[in-house]
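Contents: one structure, followed by commentary.
The values are calculated or read from the model by the stated rules, or taken from the named source; none is laboratory data. Keep in mind that this is a model prediction, so the values were computed, not measured. No Cβ is skipped: glycine too gets one built from the backbone with ideal geometry, and neighbour counts run over all protein chains shown.
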Amino acid sequence: MNARDTIVVISTPHGRGGLGIVRISGNDSRSIAERILRFSSGPRWTAWKSGLAELVDERGGVVDQVVASFFESPHSYTAEDVVEISCHGAPVVLRFCVERAVGAGARIAEPGEFTLRAYVNGRIDLPQAEAIRDLIEARTLYQARVASQQMEGSVSRRLRPVKEELVELIALLEAGIDFAEDDISVASPDEILRRIASIESQMSGLVASFGRGKLVFQGFTLAIVGRPNVGKSSLFNRLLEQDRAIVTETPGTTRDLVSEPTAVEGIPVKLVDTAGIREGQELVETLGIERSFQAMADADLTLLILDLSSELTTSDRDLIEKLRDRRPLLVGNKNDLPRRMESDADLVPVSAMTGQGIGELRQAILNRLAPEGLSAPESGAITNIRHEALLRESVEALLNARKAVEFGIPHEMLLLDLYAALRPIDAVTGATTADDILNRIFSTFCIGK
């Protein structure tokens with residue numbers, strides 16, 4: 001990628017729509033726009049203002065009436081001069097606009113190049129850039145809120161004081177080495193250990209937040225199991241809030257896995273309805289039951305459904321025993337009917353028919369998967385696996401540094417561990433990131449962003 005090129009691309013999704021936007025960024029963005037657009041009274045490029053124009057072909061024929069908006073450097077998305085041309089959303093018109101811009105001197109942008117320029121030009125840091133991608137790919141409102149907070153720099157703000165403490169400690173030890181000939185002790189071992197412990201505690205807290213933060217974007221898989229006719233498919237439909245699985249009074253209706261995506265309190269969930277587990281009556285049902293056990297093995301959490309309107313059966317007890325190691329969440333269905341089941345087990349009573357207890361079940365699911373609760377969007381929780389791996393590397397280096405102090409290793413060697421702890425932090429924020437890492441990150445962006 002040549003950062004001096006002026007780039008152009010369609011920034012709206014593929015397909016037809018009322019409007020489509022072609023974005024041009026670079027030093028020549030205005031002159032290129034002037035070659036492909038015709039203004040009634042000449043172009044008037046005023047920052048953050050829009051004007052009507054005509055998109056014309058090489059002979060001056062009008063193809064579309066458009067709105068051209070200008071964003072002046074350094075206050076645009078890329079920190080360069082940016083022109084956005086809003087056309088009618090016909091794919092042929094948008095492609096024509098891009099082709100005209102290319103003919104006038106622009107280059108088609110690579111995936112993520114607009115955001116890469118924003119990062120390179122200091123408009124945003126690396127966590128903010130990755131948050132932009134997360135916001136574009138958000139499937140729930142909660143995901144969008146978390147990504148929006150990270151776009152505003154919540155991760156960077158949480159890392160900044162930790163990095164400052166680490167840099168301050170490194171500077172202190174470097175100074176001690178410089179004045180070693182004067183026999184000046186800049187810090188006692190206890191003081192160094194105290195500082196390392198403070199940094200390590202904060203870093204470990206960030207790493208621990210990934211266990212909750214990853215739920216926000218990765219979500220989880222939920223398998224619904226039980227013997228036939230306990231209401232698994234009815235509960236599946238109730239959690240999904242649509243009739244997806246077939247529900248009948250005939251045992252063994254569900255013969256295969258039925259899965260659908262949904263959300264629980266804003267967290268993406270893959271719901272899996274399974275075949276009723278019993279001794280199979282025929283080959284197809286037996287195969288379905290085998291897949292039920294496989295779904296339980298693959299799921300992050302299993303809901304074991306029991307029928308509160310009937311007594312606990314031998315099949316129920318067998319299932320509870322088989323799944324004991326997987327710690328299923330026990331759910332008592334048909335709570336709207338007279339209760340006949342007597343059980344000491346801790347279960348969540350619900351009615352898939354009326355919806356009673358479904359809110360409590362959703363909360364119980366979240367409590368099981370995130371016992372400490374989901375981090376608030378503004379808390380700066382780590383949701384990116386790249387960040388988690390780097391910060392874990394930093395924590396390991398801090399542990400080595402602590403051991404070095406305890407064993408009385410000279411400060412020159414201790415500093416190697418402290419610098420090893422600093423480098424991953426810089427890699428998160430992009431302060432010292434190799435080109436190949438940047439290319440890998442921004443290549444995952446959509447075209448036009």
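Restricted to the stretch 1-112, the set of strands (runs of 3 or more DSSP E) holding at least 2 residues that are in contact (Cβ under 8 Å) with a residue 40 or more places away in the chain and aromatic (Phe, Trp, Tyr) is empty. On the stretch given as the stretch 173-196, residues that are at pLDDT 85 or above, among the hydrophobic types (A, V, I, L, M, F, W, C) and within 22 Å of Asp426 (Cβ to Cβ) total 3.
Given the condition closer than 23 Å to Val216 by Cα, among the small types (Gly, Ala, Ser) and either buried (at least 17 other Cβ atoms within 10 Å of the Cβ) or more than 23 Å from the chain's Cα centre (by Cα) (or both), answer yes or no: does some residue in the stretch 408-429 qualify? Break it down into steps so the answer makes sense when it comes.
The initial filter retains those residues of the stretch 408-429 that are closer than 23 Å to Val216 by Cα, namely 425, 427-429.
Those left that are additionally among the small types (Gly, Ala, Ser): 427.
In the following step, the residues that additionally are either buried (at least 17 other Cβ atoms within 10 Å of the Cβ) or more than 23 Å from the chain's Cα centre (by Cα) (or both) were identified as 427.
Yes, there is a match, as at least one residue in the stretch 408-429 is closer than 23 Å to Val216 by Cα, among the small types (Gly, Ala, Ser) and either buried (at least 17 other Cβ atoms within 10 Å of the Cβ) or more than 23 Å from the chain's Cα centre (by Cα) (or both).
Screening the stretch 270-288 for residues that are among the acidic types (Asp, Glu) and not in a strand (DSSP E or B) and picking the one that is modelled with the lowest pLDDT gives Glu285.
Taken over the stretch 13-28, the criterion of being surrounded by fewer than 17 Cβ atoms within 10 Å (Cβ to Cβ) and in contact with a Lys or Arg (Cβ under 9 Å, 6 or more places away or on another chain) is satisfied by Asn27 alone. Given the options Ser69, Ser29, Ser25, Ser76, name the one that is assigned by TED's automatic domain parsing to the domain that holds Val98 and over 19 Å from Val98 (Cα atoms). Only one candidate qualifies: Ser76. Could you please tell me which pairs satisfy a Cβ distance under 9 Å, a separation of 6+ or placement on different chains, a first residue in the stretch 296-309 that is free of Cβ contacts under 8 Å to residues at least 40 places away in the same chain and within 18 Å of Val350 (Cα to Cα), and a second residue that is crowded, with 17+ Cβ neighbours inside 10 Å and among the basic types (Lys, Arg)? Qualifying pairs under 9 Å: Ser309/Lys334. Arg244 meets each of the listed conditions (1) in contact with an Asp or Glu (Cβ under 8 Å, 6 or more places away or on another chain); (2) of a type outside the set (Gly, Ala, Ser); (3) modelled with pLDDT of 80 or more apart from (3).
Looking across the stretch 149-162, the residues that are surrounded by 17 or more Cβ atoms within 10 Å (Cβ to Cβ) and assigned to a helix (DSSP H, G or I) come down to Gln149, Gln150, Met151, Ser154, Val155, Ser156, Arg158, Leu159, Val162. Is it the case that Asn367 is within 20 Å of Val269 (Cβ to Cβ) and in contact (Cβ under 8 Å) with a residue 60 or more places away in the chain? No: the conditions fail for Asn367.
Among the residues of the stretch 396-411, count how many are within 14 Å of Pro189 (Cα to Cα) and in a helix (DSSP H, G or I). Break it down stepwise before answering.
The first filter runs over the stretch 396-411 and keeps only residues within 14 Å of Pro189 (Cα to Cα), leaving 401-411.
Within this subset, residues satisfying the condition of being in a helix (DSSP H, G or I) are 401-406, 411.
Final tally of qualifying residues: 7.
Within the span defined as the stretch 142-149, every residue fails to be out of contact with any helix residue (DSSP H, G or I) (no Cβ under 8 Å at 6 or more places or on another chain) and without any contact (Cβ under 8 Å) to a residue 40 or more places away in the chain. Put simply, of Arg291, Arg362 the only residue that is modelled with pLDDT under 85 and surrounded by 13 or more Cβ atoms within 10 Å (Cβ to Cβ) is Arg291. Among the residues making up the stretch 293-316, those that are among the hydrophobic types (A, V, I, L, M, F, W, C) and in a helix (DSSP H, G or I) are Phe293, Ala295, Met296, Ala297.
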